[in-house]
Amino acid sequence: MASSVISSSPFVCKSTKKDLGFSSFPKSSQISIHRCQKKSISRQIVSVMAPLRSPSTTGSVKTGMTMTEKILAKASERSQVVPGDNIWVNVDVLMTHDVCGPGAFGIFKKEFGEKAKVWDSEKIVVIPDHYIFTADKRANRNVDIMREHCREQNIKYFYDITDLGDFRANPDYKGVCHVALAQEGHCRPGEVLLGTDSHTCTAGAFGQFATGIGNTDAGFVLGTGKILLKVPPTMRFILDGEMPSYLQAKDLILQIIGEISVAGATYKTMEFSGTTIESLTMEERMTLCNMVVEAGGKNGVIPPDATTLNYVENRTSVPFESVYSDGNASFVADYRFDVSKLEPVVAKPHSPDNRALARECKDVKIDRVYIGSCTGGKTEDFMAAAKLLHAAGKQVKVPTFLVPATQKVWMDVYALPVPGAGGKTCAQIFEEAGCDTPASPSCGACLGGPADTYARLNEPQVCVSTTNRNFPGRMGHKEGQIYLASPYTAAASALTGRVTDPREFLQ
Amino acid sequence: MAASLQSANPILSSRTLASPNRSSFAQFRSPFLRFDSASASSNFKPLVSREASSSFVARSAAEPQERKTFHGLCYVVGDNIDTDQIIPAEFLTLVPSNPDEYEKLGSYALVGLPAAYKERFVQPGEMKTKYSIIIGGENFGCGSSREHAPVCLGAAGAKAVVAQSYARIFFRNSVATGEIYPLDSEVRVCDECKTGDVATVELREGDSILINHTTGKEYKLKPIGDAGPVIDAGGIFAYARKAGMIPSAAA
C-alpha cells in the first residue's frame, strides 16, 4: 500500500550536486523572489539579491549555500560554512518550559555559580505548558521553580500561570510553547532559536534555524548565549501542485516521513519549497516543520515569503533579515512530490513512519479522538475539524477531546466564525456534534503526562490523534494504539468510530 | 555528533590519544573470559565512582592512552527505542540536576518498554539495574529532546549503549551529560545477543569491540572519537574545565 502511493502519485528523484543548477528549479525560486519584490519592504529584496550586506556576513560567495547554512554562517560570524563544520553559533532566542527549565537552570547555577546571571534576560523565553492542570505536586513545584528563576534573572518573557482553577484568570499564560513562540512574535526569519524541546523545529516555518537541545546544552547557552553546532547537510523537498481540499499539511509530512523513515533525515536539514508550500498558511507550514524531528531531522526550514512577513511583522518590532538558498547551493537529496495526486494518510501504531492511506484503515475501530498539541491544536486545526463536522451535520460516535494549544487558540475556537457555517463558531459546532468541551490550553495528553492529565490514554484504547508521536506509551497507556492523522481525518473518524478518509464527508 | 566531534572541532580536538599497545590488550581482556566480575573487579579501579553497580570500569594505569572496559550483563532491545520508552513522560517532573531525583530517574529507566519485554531493566523496588550494557538496533533514543533519557540510563548504573544508530539529540545529550557511552556497532548486534548474556565492551582507539562471552562472538564497534574524552570527564562542562577551556568551578 505504501509503495503503491510512491509509484502512482508523487515521483521521487534523488540527484547529485551537479544536476542541481539553478535552472533545474527555476520555478519556486523565481516565484519567491517575485513575491518579495512586490512588497514595498526592501529588507527581503536585499537578502535575495545580497548587494548591501557587509562583507563579514556574506563575503564573496564562492560556493552556494542553503538557507540553513547561511543562517548558521551569519550566526557564527563567518562568510561561509559547509556541512560538517563545527561552529560556535550565537543564539538569538532560547526557549525552555516547565519540564526541562528547572534542570537547565539547575545546571546553569551549578556550572556558572549561584550568583551567575544569564547571558541576556531578553533573549530567554520561558513558557510553562507541559504539566499545568494537574494536582501532581512535583509538576506544580516545577512551575514554581521556573517562576523563581525568572524573577531572580529578570527574564522578560515568562508566560506565567498561578491560578490553575481558571486559565483565563492568567492573562500572561499562553500554553504550548511552539505555538506561543510564533503567536508572541519570537519566531523571526534568519534567526537561531534553540529550545529544550524536540519540537522546537516548528519555528523553521518562519525561515529560521530552530532545533531542540538538552538541559546541559541549554545550561551552557543560558550562561554564554552560544552553542557548538555541526552544520547539517540539507535535504530538499519540493512540493508542487494544487493542494486538494481534503488534504492538510499533516498529510504532507506523514507522507514524507513514510517515504524517508523515522531516521531518514537524522542530523540533516529538511528544506521545503515548491508551489504547494507557497500556498500554505503559516500554521500549516508550522505543522510541516513541527514533525521533521519525527524523521530524525535537525531542523526544518521554509523560505520566508509574503505570508511569512505578514505574520511576523504583525507580531514583532525586532528587525530581522530573511535568507534564501542560493541557486547553486548543494543539497544531499532532492525529493519531489506532486501534491495534487496525494491522498489522506495516517501513521499507524507504533511509529510515525508507519504510513497508510486513511481509506485503507477504514476497518480499524477506534475508541476516541484527540485534537490538540503543537502539531494539531492550532486555530486552523480546530477550524478544519469544525468545518468537516458542520458539513457532515452528524454526531460523533466516540469521545472526542479538544485541547487548544494556547489561550489565543482557545479564544479563537470560541470567537471566530467557521467559514461557510452560517456564523457558527468552532465551539458551537463541536457542542452540537457532541464533542467534549474544549479544555484548558496545554500540551495535554499528547505526551501522556501525570496520571490526572485531561484525555490521557489510561486504558489500552485506540485513538486517532492530531499529535506527533505514536510510540508505545506516548499518550499514557503502553498498550494504547495511536493513529496519527490530520484534523480532517480525525474529525471524520470521530463521526464513524473508525479510521476514516475525510472525503467521505467533504464532497 | 560522533563525526562532529572528530574533525574540525576547535575545542575538542586538542587531545590526541596514544595508540594502543596491542599485546597488553590480550592479557587485559583475558580475565573477563575466565573470571566472573566479582573476582575480576578487585583488579580494577572503578572510573565512575558516583554509583556502585554490577558493572565496573577498568583502566590500565600503566597505559598512557585512554582504554576502558565495561563488563557485565546485556539488556537487549530493538529498533527505534524512543525516549518515551526510555523514560515515560509522567516521570519528567523529576529534575535531573537534583541528586535525589537523579537517583529516582534511574529506577524508572526503560520502564516504558512494552510488556513483551519480560525482563525489566530495573527490578521493581530497586534503584539500580543489574545490566551494564544496553544493546539496541537502529535509531536508539529517537523522539523527545529530554535529557532525562540518557540521564536515567546512567543513573540506573548502565555504562554503555551499543546500537546500530542513534537519534541525534539522544547522542548529543549522552555526550554532553557524560552519563553513558553511545557506541555504534557495525552489524546488527541486537539480533545476536539476548538479555542476560555476559558481555564486555572494550573502548580502544580505532578498533573498539563488544565481546559476547555467552555466545563467544566478538563485534567491531565504530570509534567514539573525540566524544570519548568528554564522556570520560563526566560531560561537557567537566571536560571543558579539565581542558582549560573554561575556568574551573565557579563560585
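The values are calculated or read from the model by the stated rules, or taken from the named source; none is laboratory data. This structure is a prediction, so every number in the text was calculated from the model and none was measured. For neighbour counting, all protein chains shown are included, and Cβ atoms are generated from backbone atoms with ideal geometry for every residue, glycine included. In case anyone asks, the SASA skips ligands and DNA or RNA and just uses the protein heavy atoms, side chains included. Shrake-Rupley method; radii C 1.70, N 1.55, O 1.52, S 1.80 Å.
For this structure, a couple of remarks:
- Over all other residues within a Cβ to Cβ distance under 15 Å of residue B:189, the charged ones net out to -4, with Lys and Arg as +1 and Asp and Glu as -1.
- Cα gyration tensor category, rounded, prolate or oblate, for segment A:346-504 with a/c compared to 1.5: oblate
- Once backbone amide H atoms are built at 1.01 Å from N, residue B:221 has B:208, B:209, B:210 as its partners under 5 Å, excluding neighbours fewer than 5 places away on the same chain.
- When the charge dipole of segment A:387-475 is built from unit charges on Cβ atoms (+1 for Lys and Arg, -1 for Asp and Glu) and taken about the Cα centre, the candidate among A:467, A:451, A:428 whose Cα reaches farthest toward its positive end is A:467.
- Residues with amide H under 5 Å from that of residue A:225, placed H, sequence gap 5 or more: A:119
- Net charge of the neighbourhood of residue A:162, taken over other residues with C-beta under 10 Å away and scored Lys/Arg +1, Asp/Glu -1, is -3.
- Per-residue 3J(HN,Hα) values for segment A:404-412, derived from phi via the Karplus relation 6.51 cos²θ - 1.76 cosθ + 1.60 with θ = phi - 60°, read x, 5, 10, 4, 5, 4, 4, 5, 4 Hz in sequence order (x marks Gly and Pro).
- Signed unit charges on C-beta, dipole axis of segment A:189-269, positive-most listed residue A:221, A:209, A:239: A:221
- Its relative contact order, with pairs defined as Cα atoms under 8 Å and 6+ residues apart, puts chain A at 18 percent.
- Residue-count net charge about residue A:261 - beta-carbon cut-off 11 Å; Lys, Arg +1, Asp, Glu -1: -4
- For segment B:120-125, 3J(HN,Hα) computed residue by residue from phi via the Karplus equation (6.51, -1.76, 1.60; θ = phi - 60°) reads 7, 5, 10, 5, x, x Hz, glycine and proline entered as x.
- Greater than 26 Å apart at Cα, pairs in A:110/A:408; A:348/B:220; A:341/A:362: A:110/A:408; A:348/B:220
- Distance cut-off 17 Å, percentage of C-alpha pairs in segment A:179-325 lying past it: 59
- 3J(HN,Hα) along segment A:490-507: 5, 5, 4, 5, 4, 6, 10, x, 9, 5, 9, 5, x, 5, 4, 10, 10, 6 Hz, from the Karplus curve 6.51 cos²θ - 1.76 cosθ + 1.60 with θ = phi - 60°, whole Hz, x for Gly and Pro.
- Selection of trypsin sites (Lys or Arg not before Pro), segment A:153-209, meeting DSSP coil and at most 15 other Cβ within 10 Å: A:156
- For residue B:181, the amide hydrogen comes within under 5 Å of the amide hydrogens of B:160, B:161, counting only partners 5 or more places away or on other chains and with H modelled in the peptide plane.
- In Å², nearest 10: area of residue B:184 left accessible to a 1.4 Å probe: 30
- Between the C-alpha center of segment A:130-202 and that of segment A:455-507 there is a gap of 27 Å.
- Think of each Lys and Arg Cβ as +1 and each Asp and Glu Cβ as -1; about the Cα centre, that makes the dipole of chain A roughly 740 debye.
- The slack between residue A:275 and residue A:115, meaning 0.36 nm per residue of separation minus the straight C-alpha distance, is 52.4 nm.
- For residue A:250, the aspartates and glutamates whose Cα falls under 13 Å of its own Cα, not counting residues fewer than eight places away in the same chain, are A:283, A:284, A:294, A:343, A:353, A:380, A:381.
- Over all pairs of different C-alpha atoms in chain A, the reciprocal of the mean inverse distance, the Kirkwood hydrodynamic radius, equals 23.0 Å.
- Residue ranges A:101-114, A:409-422, A:128-141 sort as A:101-114, A:128-141, A:409-422 when ordered by packing (mean number of other C-beta atoms within 10 Å per residue, highest first).
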